[in-house]
Structure formats: structure tokens, C-alpha cells
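The values are calculated or read from the model by the stated rules, or taken from the named source; none is laboratory data. If you're wondering where the values come from, they're calculated on a predicted model, not measured in any experiment. Neighbour counts are summed over all protein chains in view; Cβ atoms, including those assigned to glycine, are modelled from backbone coordinates with ideal geometry. These accessible areas exclude ligands, DNA and RNA; they are computed on the full protein's heavy atoms, side chains included. Shrake-Rupley method; radii C 1.70, N 1.55, O 1.52, S 1.80 Å.
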Amino acid sequence: MDASDSDFHDLIGLLAPETRLDIRRTALQYVLEASSKMIDNASTKFYLRDDAALGNALLNLIKHTSADRKPCFAALCNFASISSEIADHVLKDDEVMDHAWKACVEKQPSVVGASRLLANLARHFPSRVHTFLERVDPNFLQNIVENLHKIAADSPQPYLESLAWTLVNLTTLHGVRRSLADKAELLDSIYAIARQDANKRIKESGVDVLRNLCFDEALHDKLLDDKDHFLVALLTPLADEQDALDDEEIEKLPLALQYYEGSRESVPEIRQKLVEALYQLCSTKHGRCSLRKKGAYALLRELDKATSEKPDPNAPPPKMRPPTLLAQEEHTLHALIGILIRYEEDLGIDTEAVHSLKQLE
């Protein structure tokens, strides 16, 4: 066995629960630093080497020494962020998963690393994380949403950002989207999360959840009901009190947006996601009709006027310039406006035969 093999096995030996605490902590600090600095392939090999000896040592410490959970969860988070193989290895250990969720629910000292680990695992395997959470906590969805809803500007909680990303990853699943859509109180909380300004990252995650709901065409009828809450949540950040709307256009808007007094969302990334959400709603006939009936076009027209990228005479030739976020937003916005102002009959589309525009792709 060469020196590197010897060093590796010595390291694994130091990561045992019975090792003296100060020595064990030094070994953990080495692993934690290595997990954050190694490139993708090297990190995966390091973790999975000798039948995942390092990974098993970290999982074993989590199960047997509560004092080591904070660095262990942090290291696992780093390793799992770049490798689905490692994420798969962690997910197979139900006891460790139980400890991770318990750390989040009880806000234990290891909550930051545990919550980040859950977010990474949900990115790789959302269905498996969903199955686990449903088993250990049937109210997990409500618990996550309620925690995010309690954001305080004067006491930021980093773990909440990770829980928000976990929720975003889970809403790539139809079952989770359906659960949110079926519970008005949860949707109301998501609207509030997407509207608050105490934490911009959590706000953007709330918008991501709303956008993910729009990808589910089966939910369009439920989301775009007569109450207009969902549509108002998407349109309000795109509106501004300076918008030049005539009386007829104002009257078509949902009541909450008529004579609106407020400013347009200033973050281009958030505006872009909201525009994308509205664009996805246009994939169904119900979605297109709802947006037209509720006067979305007028607000989008004013958004286009306010955010269109002005040409820079000193800029390099277009072919040498990467597309800016504003340019991407403008492209999607123009496509959305084009759908709203051109009816299916004008395009020769049989709306009775074609329920979704995706059928035409």
C-alpha cells in the first residue's frame, strides 16, 4: 500500500466516534476544507474511495456523535452538491436523513448544513426526497412554507434560504405542485413570500415556486380562477403606478390592480421569471383567455416600455456582445405579448382540437 493509501486509511481511522474529540475535529476540518476545494471528479473519488469509506465515516459520525453533526452535514453538503452518486449514497441512509430533517425542524446547531444538504439532495433526486419527507413528516410542506413565511428583516436565517431552494426543487414534481394548488392557505403564504423584501433570495425562490406551478398545465384552471389571486401575484411586481393605462384598460384588470399604487420590481432576474411564468400560462387556452380577459397585455406593454434595453452607441458590435438579462427578458416579453394580441383564429389554430400549444411543437 503506497503512502497515499496509508494516509487515507489513517484519516478514516481518525473519523471514528471513539477517537479523542480534538483529534477527530482536526480530521473533520481537513475533510471539510477538502470538500470545498476539490474539483468535481476528484471530490467524488475521494468520497467514494474504498467502497465510500469516507462517506460512511461521515454518516456514522452523524448517527453516533451529535457534536460532530455540524461539520459532517457541511462536508456532505459540499460533496453532494456536485455528484449524484454521492447524493444517492446519502439518501440510502434513512437515519442520517432523519437527523437532517430533525435539525431543520428543531433548528439545531447543525441546521445550516443540514438544510443545504436537503436542498442539494432534492436537486438531484426530488422524488426520493419527497418520498422521505412524506414518510417522516406528513406536514412537511406546510412546515417549510410556514417557516419561510415568518421571515424577519432584522434576524436573517441562512437556513431558510436552503429550505426555500428545497421547496423549489420539490415543486418540479406534479404531486407537490398539486398539493400546493389544493391548499389556498399555502398558496397565500407563497404569494407573501414572493412579495416580501426582507430576503431577496427567498423572495426569488417564492417566484420560482410560482413559475414551477405554471409549468403544470393540468393546474391552470385551478390557479386562474375567478378570485384572481394567482394572476395578481404574478402581475403586481410587473406593474407600476406610472403605467399609462386608459380607463378601459384599468377596468379590465383584476380589482387589486386597478389604480395600483406601487413600484415595479427592480430586480431583472425576478421580472424575467415572472414573465416566463405568464408565458407558460399561455400554453393552454384557459391561460391565454384568462390573461386577455384580465387585461394583462396593457401591463406588459407598459413593462416593455419601461425596461426595454436602450442601444449604446459606444457598445461593441452585436455579434461580440453576450446576451444581457434585459435582452432575454425583452425577448420572452415580446413573445408573450405576441401571443396575447394574436388570437388563435388569426394563426389558423383549431382551439377545440388543440388544448395546449405544446401539441403544436
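Summary of the geometry: the range 235-286 and the range 18-60, compared by the centres of their Cα atoms, lie 50 Å apart. Counting only residues at least eight positions apart within a chain, or on another chain, the lysines with an alpha carbon under 21 Å from that of Lys102 are Lys63, Lys70, Lys92, Lys150. Kirkwood analysis of the Cα pair distances in the chain returns a hydrodynamic radius of 23.0 Å.
What's the longest bit of the chain with no exposed chymotrypsin sites (Phe, Trp or Tyr not before Pro), using DSSP loop states and at most 14 other Cβ atoms within 10 Å as the test? After excluding every exposed loop site, the longest remaining stretch is 1-258. Here Glu146 and Ser263 are evaluated by their C-beta separation; at R0 = 30 Å the FRET efficiency comes out at 0.60.
Sequence-ordered 3J(HN,Hα) estimates for the range 6-16 from the Karplus curve with 6.51, -1.76 and 1.60 and θ = phi - 60° stand at 4, 4, 5, 5, 4, 4, 4, x, 6, 8, 9 Hz, glycine and proline given as x. Extension gain, Arg201 to Lys102, is 33.3 nm, computed as 0.36 nm per intervening residue step minus the present C-alpha separation.
A simple spin-label model places the labels of Ala218 and Asp40 3.3 nm from each other, with each point 7 Å out along Cα-to-Cβ.
Where the only charges are on Cβ atoms (+1 Lys, Arg; -1 Asp, Glu), what is the dipole of the chain about its Cα centre, to the nearest 20 debye?
About 660 debye.
Carbon and sulfur atoms: what percent of the 1.4 Å accessible area of the chain do they account for? Heavy-atom surface of the chain belonging to carbon and sulfur, 1.4 Å probe: 51 percent. With 0.36 nm allotted per residue and the present C-alpha distance subtracted, the Tyr343-Arg128 stretch has 73.2 nm of extension available.
Here's the list of lysines a cross-link from Lys305 could span, going by alpha-carbon distance under 30 Å and ignoring same-chain residues fewer than 8 apart: Lys200, Lys203, Lys227, Lys252, Lys273, Lys285, Lys293, Lys294, Lys319, Lys358. What do you get for trypsin sites (Lys or Arg not before Pro) in the range 161-234 restricted to DSSP loop and a cutoff of at most 16 other Cβ within 10 Å of the site's Cβ? In loop regions of the range 161-234 (DSSP not H, G, I, E or B), the sparsely surrounded trypsin sites (Lys or Arg not before Pro) are Lys183, Lys227. Using the Cβ-Cβ distance between Thr172 and Ser6 with R0 set to 35 Å, the FRET efficiency from 1/(1 + (r/R0)^6) comes to roughly 0.20.
Solvent-free Debye calculation, one equal scatterer per alpha-carbon of the range 186-310: log10 I(q)/I(0) at 0.18 Å⁻¹ equals -0.96. Look at the dipole of the chain built from charges on Cβ: of Pro17, Leu133, Ala335, the Cα furthest out on the positive end belongs to Pro17. Since only Val111, Ile144, Ala52 are under comparison, the one whose Cα sits farthest along the positive direction of the charge dipole of the chain, derived from C-beta charges on Lys, Arg, Asp and Glu, is Ala52.
Shown is the FRET efficiency for Glu241 and His331, computed with R0 = 45 Å from the Cβ-Cβ distance and rounded to the nearest 0.05: 0.95. When the alpha carbon gyration tensor of the range 1-153 is reduced to an equivalent ellipsoid, the three semi-axes, largest first, read 28, 17, 13 Å. About its Cα centre, the dipole of the range 99-148 is roughly 200 debye, where the only charges are +1 on Lys and Arg Cβ and -1 on Asp and Glu Cβ. For the range 203-211, what does the Karplus curve 6.51 cos²θ - 1.76 cosθ + 1.60, with θ = phi - 60°, yield as ³J(HN,Hα) per residue in whole Hz, taken in order and with x for Gly and Pro? Residue by residue, the range 203-211 yields 4, 5, 5, x, 5, 4, 4, 4, 5 Hz. The helix-based estimate of mean residue ellipticity at 222 nm for the chain, built from -39,500 (n - 2.57) per DSSP H run of four or more residues and divided by its residue count, is -21000 deg cm²/dmol to the nearest 500. Ligands, DNA and RNA excluded, the heavy atoms of Leu48 present near 50 Å² of accessible surface to a 1.4 Å solvent probe.
Annotation for Val136 and Asp226: the two label points, set 7 Å from Cα along the Cα-Cβ direction, are 4.4 nm apart. In units of the compact-protein estimate 2.2 N^0.38 Å, the range 126-271 shows a Cα radius of gyration of 1.11.
Rolling a 1.4 Å probe over the heavy atoms of the protein chains gives the chain an accessible area of 50 Å² per residue.
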